[in-house]
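Beneath this line is the structure, given in structure tokens, with notes to follow.
The values are calculated or read from the model by the stated rules, or taken from the named source; none is laboratory data. Source: prediction; values computed, not measured. When we count neighbours, we look across all protein chains shown, and the Cβ atoms used for this are built from the backbone with ideal geometry, even at glycine.
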Amino acid sequence: MRLLTLALLLVAGTVKADFDDEVDLQQHLGKLSSPRYPIESNTNNRGVVRDYIIERMKYYGLEVKTQKFNTTINKDPLGINSDRIEVQGTNVIGIQRAVTEHPGAVVVVGADYDSNGVDHPLFYNGAGVATLLEVARMYSVNERWSGHYVANYTTIFVAFDINTKLHQDSPGHPGGYYFVQNWLMPFLKQKEYFGGAIILDSVMNVNYKDNSQILSSNFQNIFPDTYKRLQNDNNKGNFLAMVSSGDKEPTKILREQFSGSYYKDRRSQPFRLEDMKLSGGVKFDNLVEQFTKSDNIHFWNAKDLNGEPIQLPALLLTDTKNSRTLSTTNCITDPCRPVELVTEERTEFVEATVKGVTTFLFNRQATRLSYEPSSSMSSLPSAIMTVLMLALVRLYM
Ligand SMILES: *[C@@H]1O[C@H](CO)[C@@H](O)[C@H](O)[C@H]1NC(C)=O
Ligand SMILES: *[C@@H]1O[C@H](CO)[C@@H](O)[C@H](O)[C@H]1NC(C)=O
């Protein structure tokens, strides 16, 4: 039955007029609320989520690889006891292969799929993983089956395991480190082939209340423009932060391409993107330091195959995590159930990120084929075909 449905949807996909941009986060979020801190009691949860990511990526037509690594964590997620253990992690890597050996060709989209043992697994980082999977789905499936795009350059989707930097007290290297150093560097062969990374870490918490954004004293020095805009708007947590490092050309291009894509075709929304540039020589406080604990840091602080330090361009997309109040006032139950946490306004906020990253990939990694004159002619039959297919699917379900 599933095969038949798939076959019918495949056919429907090929005759559709343009690419499907219906974002469906719920299908993934429903799978991502369980705790995934890498201790024994979470082994089953971790396995279920890892297998789900692998299965989805394969289903979207990606070439899937896993990368295992050993690292050391603190068994106590609060870091009060110092009972350290060695654990094994698995990065899941989905490759949409096209041309790799070309300057700036390879783009990586990544998100952590473990949880930190303290905060809600749906926010940290279930929403990031749901975004990753939806982007992978919309890009791969549409590129393959819409007939309107051709992928020029290789895109890599990666779900990182065990981000020890976001634990309270875990001394081992995180999965992101092993990915960049032991997997990506050999894959690239030349560092010039790398175009940039987009890291999705905590992307669901939007808050429209006054003073929901917490600012440190240092914030104003480091991000003066963002600070001014926040002040003028009563410090609302109503933005997605796009954090980058330095002002080298590839980073500038990445920033411009992403913000252009985020705002493309946008209906007026109550939230915005904040372009937040970190530069060398600034004094980091706790707030700013958290921008260096996500996987973007392994790109910024990479070493090439000869062990020489290099800075690879990477953007961190984040709701700023603990610097923004998480409102749970709409919850009827205590603790809040996952379904109550995924509010309409949060869904809308994440959907904009999914569309922004997908548009970015289509613009940067693929070419839109010019329409043949007959394409408008074929759109009527194709619409009829789609309706017919869906009717058939209904009938057989
Ligand atoms: C991780 O540790 C296990 C057990 O000591 C070992 O068998 C395995 O080869 C190690 N894996 C890696 C990738 O180092
Ligand atoms: C992308 O691929 C298409 C089809 O192979 C080709 O016609 C086009 O020139 C390529 N574009 C770039 C920028 O390489």
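I'd like to verify a number: residues in segment 289-313 that are more than 15 Å from Asp112 (Cα to Cα) and either in contact with a helix residue (DSSP H, G or I) (Cβ under 6 Å, 6 or more places away or on another chain) or not assigned by TED's automatic domain parsing to the domain that holds Val107 (or both), how many? Selection size over segment 289-313: 7.
For segment 96-108, taking the residues that are touching a Ser or Thr at 6+ places or on another chain (Cβ under 7 Å) and part of a strand (DSSP E or B), the one that is nearest to Phe360 (Cα to Cα) is identified as Val107. A single member of Leu326, Leu317 is away from ligand 1 (no atom under 16 Å from the Cβ) and either modelled with pLDDT under 95 or not assigned by TED's automatic domain parsing to the domain that holds Leu32 (or both), and it is Leu326.
Scanning segment 44-69 for residues that are within 16 Å of ligand 1 (Cβ to nearest atom), without any contact (Cβ under 8 Å) to a residue 60 or more places away in the chain and of a type outside the set (Lys, Arg) yields one hit, Thr66.
Rundown of residues vs (1) surrounded by 22 or more Cβ atoms within 10 Å (Cβ to Cβ); (2) modelled with pLDDT of 95 or more, yes/no style:
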| residue | (1), (2) |
| --- | --- |
| Ala136 | yes, yes |
| Glu143 | yes, no |
| Phe160 | yes, yes |
| Asn163 | yes, yes |
| Asp169 | no, no |
| His173 | no, yes |
| Gln181 | no, yes |
| Phe187 | no, yes |
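Consider segment 208-236 and keep the residues that are aromatic (Phe, Trp, Tyr) and within 15 Å of Leu287 (Cβ to Cβ). The one that is surrounded by the fewest Cβ atoms within 10 Å (Cβ to Cβ) is Tyr227.
Considering only segment 67-95, state which residues are outside any strand (DSSP E or B) and in contact with a Phe, Trp or Tyr (Cβ under 8 Å, 6 or more places away or on another chain). The one that is outside any strand (DSSP E or B) and in contact with a Phe, Trp or Tyr (Cβ under 8 Å, 6 or more places away or on another chain): Pro77.
Counting the residues of segment 40-66 that are assigned to a strand (DSSP E or B) and either within 14 Å of Tyr113 (Cα to Cα) or within 16 Å of ligand 2 (Cβ to nearest atom) (or both) gives 1. Checking each residue of segment 92-114 against the condition of being away from ligand 2 (no atom under 16 Å from the Cβ), of a type outside the set (Ser, Thr, Tyr) and more than 18 Å from the chain's Cα centre (by Cα) gives no match.
Counting only strands (runs of 3 or more DSSP E) that sit completely within segment 255-371, zero hold 2 or more residues that are touching a Ser or Thr at 6+ places or on another chain (Cβ under 7 Å), surrounded by 13 or more Cβ atoms within 10 Å (Cβ to Cβ) and small (Gly, Ala, Ser). When the residues of segment 131-169 are filtered to those that are of a type in the set (Asp, Glu) and more than 16 Å from ligand 1 (Cβ to nearest atom), the one that is nearest to the chain's Cα centre (by Cα) is Glu134. Among the residues of segment 70-124, those that are of a type in the set (A, V, I, L, M, F, W, C), touching a strand residue (DSSP E or B) at 6+ places or on another chain (Cβ under 7 Å) and closer than 18 Å to Ser294 by Cα comprise Ile73, Val92, Ile93, Val107, Val108, Val109, Ala111.
Working only within segment 32-43, note down all residues that are free of Cβ contacts under 8 Å to residues at least 40 places away in the same chain and buried (at least 18 other Cβ atoms within 10 Å of the Cβ). Across segment 32-43, the qualifying residue is only Asn42. Selection over segment 71-88 of residues that are of a type outside the set (A, V, I, L, M, F, W, C), within 16 Å of ligand 1 (Cβ to nearest atom) and farther than 23 Å from Tyr52 by Cβ gives a count of 3.
Whenever a residue of segment 72-92 is closer than 12 Å to Val118 by Cα, its partners that are away from ligand 1 (no atom under 13 Å from the Cβ) and among the hydroxyl-bearing types (Ser, Thr, Tyr), lying with C-beta atoms within less than 7 angstrom and at least six residues away or across chains, give the pairs Pro77/Tyr37.
Considering segment 21-43 alone, what residues qualify as being touching a helix residue (DSSP H, G or I) at 6+ places or on another chain (Cβ under 8 Å) and either outside the structural domain of Gly126 (by TED's automatic domain parsing) or within 16 Å of ligand 1 (Cβ to nearest atom) (or both)? Pro38, the sole residue that qualifies.
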